Every structure is written in C-alpha cells, then in structure tokens.
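Notes to accompany the following structure.
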Amino acid sequence: MLITLLSLFAGSTGILVIYYTIFGKLAFTDNSLRQGKPAPVSVIIRSKNNAAILRQTLPAILAQDHPDFEVILINDASSDHTMEVMEYFSERHDHVKIVNVINNEAFWGKKKYALTLGIKAARHPIFVFTEDNYIPLSGMWLQEMSQHFCGEKSMVLGYSKVKRKKNVFANALIRFDNWFHAIKYLSFAKSGMPYTGSGKNLAYHKNAFYQVNGFISHMNMKNGEDELFINEVATAKNTAICVARAARTESVTTPSFRQWVIQKREGFYLFRNFKIRHRILLNTYYMAQFLFWLLPIPLVFLGMNPVTLLTLILIKWGIQYAVMARLAKRFDEKGLMWLLPIYEFVLISVQFYIFITGFRKSTRWK
C-alpha cells in the first residue's frame, strides 16, 4: 500500500511539474506578435437588462484610439432602459450601430441568436468581443488586439481581470480562479494547444465564424458562445494570444461567492462538451492536483520517510512559486501570491464538490 501511494504521489508531483513547465513558457518568453497596422474591427457587445452598467462602460469602449472601428450594440430583448442607453450613445457617435433583438418562438432568450444577429450586422471582417460589464484598461486595447491578425492568425485570445475588492477573501479567491484559468488557456495556446478562451476579451475573423456555421453545433446550449466556439475552431496555426497590459479588460462589477459557484458549475457542464483530448489534458492536471493534496496525510500514517515526502513537496512548490510569481508580475496580480496554497486548496475542494454534484444541466442563465 505504501509503495502504491508513494508512486501515485510522486507521479502526480511529476505531472504538475510538467504542467508548470508549460505555464513557464507564458511566464518567461516573449508573447508579442504584431503586424504593421491595426486592422479595422467591429466591437460586438450584447446587453440584456443592464442599462446602468452599460452607461458606465460604453464611454471607455468608444474612446479607443483606433483608426477604424465600429461598435455593434445588441439589445437582447431587454425590459429595462437598455435600448434608451444605446440610442443615447448612438446619437452622439457615428460609429455606433444598434441591433435590437426581439424574441421569437424558435430562439426565445437565446444569447447566441442575439450575438449572431450582431455579427451579421458588422461591417468589418474582424470581430472583437467583450461583455457589457467590462471595460478596456487602456485606449490601446483595440489596436493591440487587432495587430495580432497576421499571417494565418484568425483568432486572438486576450486576458480579462475581475475587479478587486480590498480585504475580501471571496473576491481574492474569484480573482485567483479567473487569473489561473487564463494562465492555463493562454499557456496551452502559446504551446500550440488552444482549447478555450473568454468572451470578455476575444477577437476572431469572420471567416472563422462562418467556416463552422457560427454557433450551430451548440446552439441548444444557453452559453458557450466563447468557450465552446473556441474549442471547436482554434488550432495551433490560427490562434494567437495577446497579453500586453494595454490589451486587457476588467470588470466593473464583482460576482458574489454564490454566483461564482453557479458559474463554476455551468463551466463544468460546458467542459463536458470539449474535445476529448482537451478533457484528458485538463482532467490529468486536476487529478494530479487532487492527489498531491490528498495523499501526504495517509503516507505519513503509513510510515513514509518524511524527508522523501518533504523533498517532493518542496520540488513542486519551488517550481510552482517560481513560475507563478513571474506570471503574477506579468499580469499585475502580485497580491494573489501570498495565499496561493489556500486558494489552490479551496479551488480543488470546490471543483470536487461540483464534480460529484454537478451532473445535471442548469437553467439559471441571464
């Protein structure tokens, strides 16, 4: 029994070291890839019953320093003043176009249906997406994202932050989860294995959209217009990453802990629809994490040499901290490093809870 558990623990440690090596490519190598000029873009933002937030976020979008862009505002059958807010900005900015979606029986409440109508109304071939409660952190966001469409690149994955609340553990945990999720998909994309991204900061060419008939393969699901679409379309040749500080977006609101758990559960449901090689890739990492945290206690009770056990633990944490500290600096998330082991343990616990209770489809979508 001792040998079996030790083998599992050593194996899980080795697997985690391999994954941190992959993350290290994002941490320690140059991530720039730009062409000479920023390409014309259509910014696509869908909003539903979020008038107050939209009024707060749109000025930062419209103030972008880009020579040729339009903003497609999609009013997804809102019952509040969202349409009035959009009309207010449209009257004052010539490059704002409104798409007013009216529910119909076939596509009642479908977010992907609304986005598809917005995409079809876009004038430019490159679409840049964010959500109505996110703002770019600089006026160069669109320039940075659009300059990555060079050669065969038709998809650009960006980074979006969650707004910080000081001295709130739940907020720090949510920010850590968001940051580490981005580290994974950006690192694997950089290594030629793109598997997902985030619609909070995402760009792709219209050809990538139409080559798979848009969202048709997962139109029956209420979300996944970003994660499932990228999983279906992204390849090593057509995908670039953009992690420059000027290319980031950040939320102006923060989810509660309960909302975050619901989002995690819905994310788990989407994950079950990823390509099998990507599910294996991520499940291997999660299982290695789980075993690394689970096995030390039984190993100690079974008489494991504490020096050997401590050596394996220190190897893992030493490499992890070296990589994560560099990534924290690169992504301006240095404040999340202090409680890294606690965040990791809580996330593993939440993921395990979702795994054993989450095999059902949720309908709680906005």
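So the values come out like this:
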item: Virtual spin-label span in nm between R164 and L302, 7 Å along Cα→Cβ; result: 4.3 nm
item: Degrees between helix 51-62 axis and first principal axis of the chain (Cα, 0 to 90, nearest 10); result: 90 degrees
item: Highest to lowest packing among 47-60, 217-230, scored as the average C-beta count within 10 Å; result: 217-230, 47-60
item: Nearest-0.05 FRET efficiency for M1 and R245, computed from C-beta distance (R0 56 Å); result: 0.65
item: Student exercise, the stretch 32-255 dipole from Lys, Arg, Asp, Glu Cβ charges, in Debye to nearest 20; result: 700 debye
item: Helical mean residue ellipticity (222 nm; -39500 (n - 2.57) per DSSP H run of 4+; nearest 500) of the chain; result: -16500 deg cm²/dmol
item: Net length gained if the chain between I315 and I98 were fully extended (0.36 nm per residue, minus Cα distance); result: 72.6 nm
item: Euclidean distance between Cα centres, the stretch 207-271 to the stretch 40-105, Å; result: 20 Å
item: Karplus (6.51, -1.76, 1.60) ³J(HN,Hα), θ = phi - 60°, over the stretch 246-251, in Hz, Gly and Pro reported as x; result: 6, 9, 9, 10, 8, 6
item: For the stretch 32-255, with +1 on Lys and Arg beta carbons and -1 on Asp and Glu, the positive-most of V99, S146, F209 along the dipole; result: S146
item: Label-zone membership for the stretch 324-353, site V261, 7 angstrom Cα→C-beta point, backbone N under 16 Å; result: 346-353
item: V96 long-range amide H proximity, modeled H, under 5 Å; result: V71
item: Approximate shape of the stretch 32-255 as ellipsoid semi-axes (Cα gyration tensor, √5λ), whole Å, largest first; result: 24, 21, 19
item: Using a Förster distance of 30 Å, the FRET efficiency for C150-A322 (Cβ separation, nearest 0.05); result: 0.40
item: Among L142, L270, L302: highest mean-square fluctuation, GNM of the chain, C-alpha pairs under 10 Å; result: L302
item: All-pairs alpha carbon distance profile, the stretch 68-162, 10 Å steps from 0, percent; result: 13, 41, 35, 10, 0
item: On Cα atoms only, tilt of 276-294 relative to the major axis of the chain in degrees; result: 40 degrees
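Any read-out appearing in this document is the output of simple, stated calculations on the displayed coordinates, not a laboratory observation. Predicted model only: the values in this text are computed from it and were never measured. Please note: Cβ atoms are built from the backbone with ideal geometry, for glycine as well, and neighbour counts cover all protein chains shown.
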